[in-house]
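Below you'll find the structure, written out as structure tokens, and then a few comments.
The values are calculated or read from the model by the stated rules, or taken from the named source; none is laboratory data. Just so it is clear, the model here is predicted, and its values are computed rather than measured. Cβ atoms come from the backbone with ideal geometry, glycine included; neighbour counts cover every protein chain shown.
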């Protein structure tokens, strides 16, 4: 038996997915929107040891890809399967760029869904949510802590999410560009530097102990005192 997080707003699809998981012997943990998913799957004290996550992209309070990035930034490392009606190549690439491990287009066969979830569940273990003082909110595109929040543009959100998902590690410039902009977008050489300056200022406003440092010629690293 595996515990599987499910975030799907459509009642009929949600029922199909959860019933199929239960019949296969798994335990679904169900969220109806992105806000609830953050509380169930990544907040301090949330249930641990999720084997996999099944996330809808078209959620009523946000984009499932932003949710995936926020979950990764919070330390939720369970493999992610996206359910979506978006089947264009650039949509699939955007999903993988957001941190997904697999992608299934609606309508789907239940047997295929279960097979994909079970493959993901065998792939690895979940590290557990990090108890960051600061967090990303995918429903408001904001950086938040206990005292307030700072709004982020969608591009700023994606850049910071990619960095926070790998605290202490160097993230290459090419990986940040891939996370922040759609595949095939025309991105000028200094666009990333410009956005990083803005992200650094906003990060300092929320947590002076957090920083984005430069690994010259390689990329950037998210660091937080006490983490």
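Anything in the range 85-123 that is in contact with a helix residue (DSSP H, G or I) (Cβ under 7 Å, 6 or more places away or on another chain) and either without any contact (Cβ under 8 Å) to a residue 12 or more places away in the chain or closer than 26 Å to residue 160 by Cβ (or both)? List them, or say none.
Within the range 85-123, 94, 95, 97, 98, 99, 100, 101, 102, 103 meet the criteria.
Any idea how many residues of the range 59-83 are surrounded by fewer than 20 Cβ atoms within 10 Å (Cβ to Cβ) and either touching a helix residue (DSSP H, G or I) at 6+ places or on another chain (Cβ under 7 Å) or outside the structural domain of residue 21 (by TED's automatic domain parsing) (or both)?
Residues flagged as surrounded by fewer than 20 Cβ atoms within 10 Å (Cβ to Cβ) and either touching a helix residue (DSSP H, G or I) at 6+ places or on another chain (Cβ under 7 Å) or outside the structural domain of residue 21 (by TED's automatic domain parsing) (or both) within the range 59-83 amount to 1.
Taking the condition assigned to a helix (DSSP H, G or I) and under 10 Å from the mean Cα position of the chain (by Cα), does residue 92 pass?
In short, no.
Based on what the data block shows, is residue 6 touching a helix residue (DSSP H, G or I) at 6+ places or on another chain (Cβ under 6 Å) and either crowded, with 18+ Cβ neighbours inside 10 Å or at pLDDT 95 or above (or both)? Step through it out loud before you land on a result.
Numbers: touching a helix residue (DSSP H, G or I) at 6+ places or on another chain (Cβ under 6 Å): yes; either crowded, with 18+ Cβ neighbours inside 10 Å or at pLDDT 95 or above (or both): yes.
For residue 6, the condition - touching a helix residue (DSSP H, G or I) at 6+ places or on another chain (Cβ under 6 Å) and either crowded, with 18+ Cβ neighbours inside 10 Å or at pLDDT 95 or above (or both) - is met.
Which one is surrounded by the fewest Cβ atoms within 10 Å (Cβ to Cβ) among residues in the range 184-206 that are closer than 15 Å to residue 145 by Cβ and more than 21 Å from the chain's Cα centre (by Cα)?
So the residue we want is 205.
Restricting attention to the range 138-159, and to residues there that are assigned to a strand (DSSP E or B) and modelled with pLDDT under 90, which single residue is nearest to the chain's Cα centre (by Cα)?
If we take residues in the range 138-159 being assigned to a strand (DSSP E or B) and modelled with pLDDT under 90, then 144 is nearest to the chain's Cα centre (by Cα).
Residues of the range 160-177 being in contact with a strand residue (DSSP E or B) (Cβ under 9 Å, 6 or more places away or on another chain), in a helix (DSSP H, G or I) and surrounded by 12 or more Cβ atoms within 10 Å (Cβ to Cβ), which ones? Break it down stepwise before answering.
At the first step, the residues of the range 160-177 found to be in contact with a strand residue (DSSP E or B) (Cβ under 9 Å, 6 or more places away or on another chain) are 160-176.
Applying the additional criterion that residues be in a helix (DSSP H, G or I) yields 160-164, 173-176.
Passing the criteria: 160, 161, 162, 163, 164, 173, 175, 176.
Got at least one residue in the range 14-34 being part of a loop (DSSP other than H, G, I, E, B), under 22 Å from residue 94 (Cα atoms) and touching a strand residue (DSSP E or B) at 6+ places or on another chain (Cβ under 7 Å)?
The answer is yes; a qualifying residue exists.
Taking the range 52-86 as the region of interest, how many residues are closer than 23 Å to residue 112 by Cβ, modelled with pLDDT of 90 or more, outside any helix (DSSP H, G or I) and out of contact with any strand residue (DSSP E or B) (no Cβ under 6 Å at 6 or more places or on another chain)?
2
For the range 99-137, how many residues are within 17 Å of residue 87 (Cβ to Cβ), modelled with pLDDT of 90 or more and assigned to a loop (DSSP other than H, G, I, E, B)?
Result for the range 99-137: 4.
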